[in-house]
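Accompanying notes for the structure given below.
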Amino acid sequence: MLILVVMVLFAGRLVQIQAIDAPTYASAASDVRLSTIDIPTTRGEITDANGNAFAVSVEVRTVFVDPEEVPDSKRAEVTDALTEHFDLDRDVVAGKVAAEPSRYQVIKEEVPPAEWKELEELGLEGVGAQVDYKRVYPEETGAADLVGFVGDDGHGLEGLEAVLDDTLAGEPGTRQVETGITGTRIPMTGGTAKEPVPGKEVRLTLDRDIQWHAQQALAESVEEMDAEGGSVIAMRPTGEVVAMADYPSYSPNEINESTASDRANGAVAEAFEPGSTNKVITAAGALEEGLTTPETVYTVPYSIQRYDETFSDSEYHETERLTLNGIMAKSSNVGTIQVGEQLGAEGLYEYLGKFGFGQPTGLDLPGENEGILTDPDDWWGTQLATVSFGQGLSVNAVQMASVYATIANDGVRVEPSVVAGTVGEDGELSATEEPTRERVLSEETSDELGTMLEAVTGDEGTAQQAQIPGYRVAGKTGTASRVNPETGDYEGGGYTAAFAGFAPADDPELIVQVVLHNPQKEHYGGEAAGPVFSDVMSFGLKTLEIPPSDSEPPDIRLTEDG
Amino acid sequence: MSGSASTPRGGDSRRSRTSRSSVWLRELRQLHDHPLTSYYLVIGSSCLLIALGLVMVLSSSMIDSITSTGSAFSLFQKQLAAAAVGLPLLVLASHLPVWTLRALGYPAMALALALLLITVFQGEDYGYGAVRWLEIGGVTIQPSEPAKLAFALWGADVLARKDELKQLMEWRQLLVPLLPGCGALVLLVLMGTDLSTTMVLLTIFLALLWVVGAPGPLFVGMFALVVTLAGIMVAVESFRGARITSFLNPGADPSDAGFQPLHGLYALGTGGVFGVGIGDSKEKWGFLPHPESDFIFAIIGEELGLIGSLLVVGLFGVLGYAGLRIASRAREPFVRLAAMSITAWIAVQAMVNIGTVIKVVPVTGIPLPLVSAGGSALVPTMFGVGVLLALAKAEPDARKALAARGPNLVQRALGWLGLRGTDSSTVTGPQERNGSRPTQVRTRRNRRR
């Protein structure tokens, strides 16, 4: 009788557990067993416009040992083989091989698959390898500041790697497996829950060779001029960045040895007072508004008084009668102030804005500094004068390059871009969204400005160093006073030497903008930045196979007398 | 084996009590009253349990075996060897005359005490923190397991002797030497911190007192004593149990002493009604420590489902019923006492084990008789089943019935099923045994319709 009672009780309980509450228990049990394993996927490459890699992911193996699987008698053999194969410290390896009851001890990471295959053929018991992916940056692309790098988790930390992480990373797949309490996978359970989606290849507008050359030329120049740093932008008239070099830079393969300022991409992160390169905007505004012509003659003394300040040209000269062409070619501050006053504060501000000052470049790079452009209502008395020749406002190198690209593009400003698009598995490029285009100047004004800028590199201009044999080159020097960060004053702040220009002047194909921060040896834009410009420009023209100019620069009048 | 041929029948007969067929009922009553019914119920249920046990030991131990020895069969082979030793012992015991069984009582008890005593001094703890194991000639045994058998036989003999001498009117005669004997065993077993064996011993003790008709106050007093003891032990155990669990299984949350029983429920729940299939248990992958012994019932429930777990409960029910039937129909005091003590031993142990898994009894760590891995438990239990068979045959009519069946075991079994007449032409010799089985099955099916 008792047995019957107990049996009924037990049977009832069993029915409760195994029939009524079974789903609850079963799901609780499977929750304990189920674990999700990430299946790594390849990160998309970053390449230049021609598909040359700036960053690639390579498949590597993480070689590990399962100490439980190594028979005690074979420990020495396994240890020796591993030590020899990877050239490791024998004691460390021996410790790992003997590390029972551990089931997983990493021997070496980032082992090339071929090297693992050799080891695998030895058939060592308890030694295995996992597939992993490693990000590799081919040495000396000179694009470290732009491209950035990934962290240990394989996600981008700096530069384009960070900005484009979503595109590049892809989605790791997940596999649900049921595991025993020791983590052993239970056979014939689970399966792939989600296939990994490989990351997309990102194609940049850059040209690897020009990038490399620009970086080299910049580095040499910065060293030679004993400057704090600098940047070089090469751009097509339509805003596509062909090279973006920054100095100081770093090697993405040795991130630990770099500092934050090494890693910052100064081409967008550093804003500077543009100086004379800005004069082109003053002239452009005045021309476009019909307030002046290239041949309009201005009386240009050496210095000019505005309110409590005296502005003077960089070198002493007798009062001259210069055309607008002449003012640009000789980079006269006094003359530019007069042109600026013709245009007025509102007008100048409007054109600065149209050329992209005080606005994001649109490149969407980390740490971008969009510079300072204050509203003319807030300008102090002499600020119209200073802004007209490029002091009292700040820009970054890309913004300045974009000004010259606009002039080179017949007055239509195309927002700068660095990403051409993504390349799918079929190898087809799907282009990024068309950048915004806006007409800033008429074609006529652009032509006039081009001619004017060509005179700068002419025999009478300030930048004969920028000449390139066989090509007509247009450009503008810039020598700006820098604010001394300690005093907040220009006193002792040094200079920013810049040169921006394009070639061939008659049919512009490439814009190069060079800026050197606080060069000690030479501080005039022509002397300091000019040679880098002509170096990068001539290399760029050759690399892009742009035919030399077959025409002569037009004769233009720089002075009243011609 | 003749028994296995007849046992499905045994199981059926129990379950089909609800059948409305009056023919069935009549036949059933006839079977129920048959003198050999106990004999076949015992042999059928226990052989099924042993067979199921072997299969499930293999299934549940293979993961642990392959991790620790590299062979999935290492533990199973041991169990198979134990069954191979146990089977002849079972057959031998079933053929022993009752007086030999009685004569075995004192020597067995002495041997058990000696082995337990040696264990206390020479035993091995095998890292479990409890000295329960003894190595003799390369074989590791757990002396507390055969001690249960020894105590059951000895206790029955002692009380039977006193009963025959009409000495059972006094408390002193009732309790001496039974109580000291039990006490000595319990003490030695407790030295090995084997609380579950202690409880089984006390259960046998109580069962003996019950059968012998101990005076009410005495029985109640002893019962209260045992319950108090058990209560104390469970209290101590739950504390120690938590420690041992976390020791054996560092992956478990040490603060969660319910880890093991919880996974027992998980296993049963995962099995559902039909089970995940033999070999496909997931909980045996380390979630249930020692799935092949204390929690083998959980694995049975997981792999064979509610059907399997109910079958096991049912088989133990049949075995228990048969044991009680032997006791109730016996005239000799020893037969009654021995049948009762062995039945109580097996049934209570099964009850506690299953109760633990399904969480109606606090966790104690006790093997499922005849099923769980462990030769030390299997061999004495199989011998105990043999003793039960011998006792079943001691029923006066059973002897006659057996004698009437002739020498062939199969024929006897068939005769019990009432098939002898129809099948006698085909069942003529041992070589025909295989041929006879499908016939039986078919016949059975036909009958069921």
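We did not get these values from a lab; they are worked out from the coordinates using the rules stated. Predicted model only: the values in this text are computed from it and were never measured. No Cβ is skipped: glycine too gets one built from the backbone with ideal geometry, and neighbour counts run over all protein chains shown.
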Neighbour-count ranking for A:Ser446, B:Ser38 (other C-beta within 10 angstrom, fewest to most) reads A:Ser446, B:Ser38
FRET E, pair B:Val220, B:Val361, Förster distance 22 Å, beta-carbon r, rounded to 0.05: 0.45
Provide a whole-number value for the mean count of partner chain Cβ atoms within 10 Å of the Cβ atoms in peptide B:282-291. 4
Would you tally the net charge around A:Ile281, using a Cβ to Cβ cut-off of less than 13 Å, leaving A:Ile281 out, and scoring K and R as +1, D and E as -1? +1
Most exposed first, judged by fewest Cβ atoms within 10 angstrom, A:Phe539, B:Phe223, A:Phe355 run B:Phe223, A:Phe539, A:Phe355
What is region A:240-307's relative contact order, in percent, from Cα pairs under 8 angstrom and six or more apart in sequence? 21 percent
Can you tell me which lysines have their Cα less than 27 Å from the Cα of A:Lys117? Leave out same-chain residues fewer than eight positions away. A:Lys74, A:Lys96, A:Lys108, A:Lys134
Of all chymotrypsin sites (Phe, Trp or Tyr not before Pro) in region A:295-332, which ones are in loop regions per DSSP and have a Cβ with at most 11 other Cβ atoms within 10 Å? A:Tyr307, A:Tyr316
Region B:36-140: chymotrypsin sites (Phe, Trp or Tyr not before Pro) in DSSP loop, at most 16 other beta carbons within 10 Å: B:Phe73, B:Tyr126, B:Tyr128
The answer for A:Ala55, listing residues at least 5 apart or on another chain whose modeled amide H is closer than 5 Å to its amide H, is A:Ile46
Expected vector for region B:296-307, Karplus 3J(HN,Hα) from phi with 6.51, -1.76, 1.60 and θ = phi - 60°, integer Hz, x for Gly and Pro, equals 5, 5, 5, 5, 4, x, 6, 7, 10, x, 4, 4
Taking the simple approach of a point 7 Å from Cα along Cα-to-Cβ for both B:Arg399 and A:Glu254, what is their distance in nm? 10.2 nm
Give the order of A:Tyr104, A:Tyr25 when sorted by the count of other beta carbons within 10 angstrom, beginning with the fewest. A:Tyr104, A:Tyr25
If I take every Cα pair under 8 Å that is 6 or more residues apart in region B:37-397, average their sequence separation and divide by the length, what percent do I get for the relative contact order? 29 percent
Could you size up the charge dipole of chain A around its Cα centre, putting +1 on the beta carbon of Lys and Arg and -1 on that of Asp and Glu, and report it in debye to the nearest 20? 1700 debye
In terms of the alpha carbon gyration tensor, root eigenvalues a ≥ b ≥ c, rounded if a/c is under 1.5 and otherwise prolate when a/b exceeds b/c or oblate, region A:284-340 is oblate
Whole-Hz couplings from phi, Karplus 6.51/-1.76/1.60, listed for region B:144-155; x for Gly and Pro: 5, 5, x, 4, 4, 4, 4, 5, 4, 5, 5, x
Using alpha-carbon coordinates alone, the radius of gyration and Dmax of region B:37-397 in Å work out to 19.8, 61
A correct Karplus calculation of ³J(HN,Hα) over region A:474-489, with 6.51 cos²θ - 1.76 cosθ + 1.60, θ = phi - 60°, whole Hz and x for Gly and Pro, returns 10, x, 8, 7, x, 10, 10, 6, 9, 6, 6, x, 7, 9, x, 10
Residues whose placed amide H lies under 5 Å from that of A:Val300, excluding near-sequence neighbours: A:Glu320, A:Arg321, A:Leu322
Mark the label point 7 Å from the Cα of A:Glu77 along Cα→Cβ and return the residues of region A:109-131 whose backbone N is within less than 15 Å of it. A:120-127
Could you count how many Lys pairs in region B:37-397 have their Cα atoms under 27 Å apart, skipping same-chain pairs fewer than 8 positions apart? 11
Cα→Cβ-extended label distance, 7 Å offset, between A:Thr174 and B:Thr67, nm: 2.6 nm
Using alpha-carbon pairs under 8 Å, 6+ residues apart, how would you state the relative contact order of chain A in percent? 14 percent
Which residues' amide hydrogens lie under 5 Å from the amide hydrogen of A:Arg306, considering only partners 5 or more residues apart or on another chain, with H built in the peptide plane? A:Phe311
Simple spin-label model, 7 Å along Cα-to-Cβ: A:Glu309 to A:Lys194 in nm? 5.8 nm
List the residues of region A:521-562 whose backbone N lies under 14 Å from a point placed 7 Å from the Cα of A:Gln464 along the Cα-to-Cβ direction. A:526-527
